[in-house]
Amino acid sequence: MAKAVAHKQEKPVVAEVRTTRGSRAAQALRAAGKIPGVIYGLGKDPVAITVPMAEVVSILHSGAHIMDVQIEGKADKYLIQDTEYDYLQSNLEHIDLRRIDINQRVKVKVALEFRGTPKGAKEGGILETQTNEVEIEVSPLAIPDAIRVNVENLDLHQILHAKEIQLPAGAKLLEYSEKIICQVRTVKEEVAAVAVEAGPAEPEVIGKKKEEEGEEGAAAAGDKAKAAPAAKK
């Protein structure tokens, strides 16, 4: 019911060793169409780099987890470990790349792409997805950009579990095997589920407000009596 999809990078991203530090230097890089980054891992010293923003953004949009990067004439493969965006989450500001050994497996979260219309839709059902990614352990060279999940055979009330997803050859699922990935439910079930999540409204206790108002009024009257000057005899 699922198929792994991998993206091939046409050419390596050419990176430069970065010697400047600080927010002003980073702003200058971004103004020039580049972003700062760092390479680390495998027990070696980290290396600060700059990479062309447009190329990196294009690779990220493809869903790739591995990036081919050339530094000082030498090209190698790196795991895209982390990315940082601005507060609007629209502009890439920094990237972390991790050195990898192609013979050592890595843990990554891979996006799910749901394809098709469930059979249960003909009976008034709708597809409800519980997650859009799964974590797997796999060889770096076998990491898919996404796993396509065909939901066409799902009937009304049928559930697709994590264990039913077809993974790349040699990959290991790191999720709970019975974790719900998606299911086909009726609109009424959807509404009921939302109502349960929202919780019942707290009923108004009749008489409580009046009681409180009475107590507040009595307290106010007492304060007023204390504040009033004693009558002259």
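Could you state, as a whole-number percent, how many of the C-alpha pairs of the stretch 108-198 are farther apart than 24 Å?
27
Distance between the C-alpha centers of the stretch 11-51 and the stretch 83-136? Whole Å please.
Using only Cα atoms, the two centres lie 26 Å from each other.
Find out how many positive minus negative residues lie around Asn91, taking Lys and Arg as positive, Asp and Glu as negative, among other residues whose Cβ is under 11 Å from that of Asn91.
In short, -2.
Starting from the amide H of Ile181, placed 1.01 Å from N in the peptide plane, find each other amide H under 5 Å away whose residue is 5 or more places distant or on another chain.
Counting only residues 5 or more places away or on other chains, the set is Leu160, His161, Ala162.
Along the charge dipole of the stretch 8-100, pointing to its positive end and built from +1/-1 on Cβ of Lys, Arg, Asp and Glu, which listed residue (His94, Ala26, Ile71) has its Cα farthest out?
Working it through, the farthest residue towards the positive pole turns out to be Ile71.
When all alpha-carbon pairs of the stretch 48-137 are counted, what percent fall beyond 20 Å?
Counting every Cα pair in the stretch 48-137, those more than 20 Å apart make up 52 percent.
Could you tell me what percent of the DSSP beta bridges with both partners in the stretch 108-198 are antiparallel, to the nearest 5?
Percent antiparallel among DSSP bridges in the stretch 108-198 is about 75.
FYI, it's all coordinate maths here, none of it is from the lab. Keep in mind that this is a model prediction, so the values were computed, not measured. As a convention, Cβ positions derive from the backbone with ideal geometry for all residues, glycine included, and neighbour counts pool all protein chains shown.
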